[in-house]
Structure formats: structure tokens, C-alpha cells
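J.: Could you have a look at this structure, given as C-alpha cells, before my questions?
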Amino acid sequence: MAKDTILIVEDEEDIQELVRYTLEREGHVVVAAETGEKGLAAVLGARPALILLDLMLPGLDGKEVCRRLKQQEETRSIPVIMLTARGEEADIVAGLELGADDYITKPFSTKVLAARVGAVLRRTARTVPATQDVIEIDDLTIHPGRHEVTVAGSKVDLSTTEFGILQFLARRPGWVFTRRQIVRGVHGEDHPVLDRSIDVQIATLRRKLGDRGDLVETVRGVGYRFAE
Ligand code: CA
């Protein structure tokens, strides 16, 4: 297995150590920085395959570090996992909308950390199917060209928006999306985001998918994702 360099930006020493211990045991190289400024500098030197970014940092906070990483051409494509505290859902949403890929809530176990890091590294390596590719998950089939969805061979009657939401989520299983990201992904940038309306559409979509409705998962306080 190729060794990946992982950068941890975190001011709490205990967490830095936990991350180092866990990820080195997984065969990765861990580089640590304790402030946002040092983190940004370390990215250019270490060229990490992934960044673990604490949101609550002294000085430049995690959201601002994420914003800067996603603005720069040379760092834009490096996946970011935010480290957050419970109750920081608004910051998680903001971070995802700034381009972070996932988040882990503190306190976390070494098992959860290793699994989430592994999942993001695998997902990043995997190419997202093209918009016109047929998507098949278990007995659910999505035909973008025909705008058709079947479950166990039976056609499911979806509205254009429900179809759009399903296709948007199913193209990236495991990724968490905020309501705003889903609306923009389906309707484009200028569409007004009414949180309630997306919730209603997702509820209808799940009901219409019947036994496969559980593939569309709610991520409490944050948004939705398609099961991995
Ligand atoms: Ca912190």
C-alpha cells in the first residue's frame, strides 16, 4: 500500500497525538501544525494526500483555512476532513459549502478516524460517474438519459426534481451534502434555497423508492447523503 502523507492542523496536543498514533499505524506519514497559518504553510511543503482540519484554531480559524485552501489552484483538490465539536452543525454546513469533503465530531475513536480517512482517500481516488452513465446500486437503477429509475425492475415514477436529487446524491455515495449544495447541484447557482422544500422532496423521494428509500440517509443538522 502506498504511504500517504496526512496533515493534521490542530492546536490540541492530545488530539494531534491520537491522530498521529492512529494514522501512522495505518501506514501513513503524519505532519502536524498547531495553527491555521502553520497549516497553510505546511500544505505547500508536505503536499499531503489529505488534510484533517480543526475548526476551532487560535488565529486563523478552520473555516478560513478551508476557504484559502479551496481558493488556491495548487491546494484546491486536496481533500479536507473537518474536526468539529458537537453542536457545531452550522460550522460544519459552512465548511462543506466551502469545499470540505467530510467531518468527524470530537471526541472520536481511533477506529472511526481510520475508517473515515480511509473512506475519503478511496472516494477521492475513485472517479465520479459521468452525468450520462447508468448508475446501479443493488436493485436500484438510475438511467440519466431516459430520466428513468427502477427498483427490482419496476419503474418508479419521480418528478424531475426528485430524479435530479436522487441522481445528484447517488453519483457520490458516502459524501455528505448540505441542502444548499443539493439545490445548487440540481437547479443551478441562482435557485433560491428553501430548506423545508428539499426536506419535503426527499421525504417523497424516499417513499417512492419503497424498500430502497433508506439509501437516502439524513445527516442530522447537516444534510443528506447516499449510503456508501
Ligand atoms: Ca481546537
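The values are calculated or read from the model by the stated rules, or taken from the named source; none is laboratory data. Nothing here was measured: the structure is a model prediction, and the numbers come from that model. Every residue, glycine among them, receives a Cβ derived from its backbone with ideal geometry; neighbour counts consider all protein chains shown.
J.: Cβ-Cβ distance below 6 Å, separation of 6 or more or different chains: which pairs start in the stretch 9-23 with a residue that is within 21 Å of ALA41 (Cβ to Cβ) and end on one that is assigned to a helix (DSSP H, G or I)?
T.: VAL9/GLY39; GLU10/GLN16
J.: Further question: Taking ALA152 and the conditions (1) within 26 Å of ASP211 (Cβ to Cβ); (2) among the small types (Gly, Ala, Ser); (3) in the same structural domain as ARG25 (by TED's automatic domain parsing), which numbered condition does it fall short on, given that it satisfies the others?
T.: (3)
J.: How many residues, within the stretch 120-146, are free of Cβ contacts under 8 Å to residues at least 12 places away in the same chain and touching an Asp or Glu at 6+ places or on another chain (Cβ under 9 Å)?
T.: Here is the first cut: in the stretch 120-146, the residues free of Cβ contacts under 8 Å to residues at least 12 places away in the same chain are 122, 125-127, 130, 133-134, 136, 141, 143, 146.
Next, only the ones that are touching an Asp or Glu at 6+ places or on another chain (Cβ under 9 Å) stay: 141.
Going through the stretch 120-146 one residue at a time, the tally reaches 1.
J.: A follow-up question, please. Which condition breaks for VAL193 when tested against (1) part of a helix (DSSP H, G or I); (2) without any contact (Cβ under 8 Å) to a residue 24 or more places away in the chain?
T.: Of the numbered conditions (1) part of a helix (DSSP H, G or I); (2) without any contact (Cβ under 8 Å) to a residue 24 or more places away in the chain, the odd one out for VAL193 is (1).
J.: Say whether the condition of being within 16 Å of the ligand (Cβ to nearest atom), touching a strand residue (DSSP E or B) at 6+ places or on another chain (Cβ under 7 Å), assigned to a helix (DSSP H, G or I) and over 26 Å from THR161 (Cβ atoms) is met by at least one residue in the stretch 98-110. Before you say what the answer is, go through the steps one by one.
T.: Residues of the stretch 98-110 within 16 Å of the ligand (Cβ to nearest atom): 100, 103-108.
Restricting the remaining residues to those that are touching a strand residue (DSSP E or B) at 6+ places or on another chain (Cβ under 7 Å) gives 100, 103-106.
Now narrow it down to the ones that are assigned to a helix (DSSP H, G or I): none.
There is no residue in the stretch 98-110 that is within 16 Å of the ligand (Cβ to nearest atom), touching a strand residue (DSSP E or B) at 6+ places or on another chain (Cβ under 7 Å), assigned to a helix (DSSP H, G or I) and over 26 Å from THR161 (Cβ atoms).
J.: For the stretch 28-88, list the strands (runs of 3 or more DSSP E) that sit wholly inside it and hold at least 3 residues that are under 15 Å from the mean Cα position of the chain (by Cα) and modelled with pLDDT of 95 or more; which are they? Before you say what the answer is, go through the steps one by one.
T.: On the way: elements: 29-33, 50-54, 80-85.
It comes to 50-54, 80-85.
J.: Take the residues of the stretch 51-72 that are crowded, with 20+ Cβ neighbours inside 10 Å and of a type in the set (A, V, I, L, M, F, W, C): which is farthest from the ligand (Cβ to nearest atom)?
T.: Going through the qualifying residues, I end up with LEU69.
J.: May I pose another question? Report every pair of residues separated by at least 6 positions or lying on different chains whose Cβ atoms are under 8 Å apart, first residue within the stretch 95-119 and within 24 Å of LYS70 (Cα to Cα), second aromatic (Phe, Trp, Tyr).
T.: From the stretch 95-119, the pairs are GLY95/TYR103; LEU96/TYR103; LEU96/PHE177; ASP101/TRP175; ASP102/TRP175.
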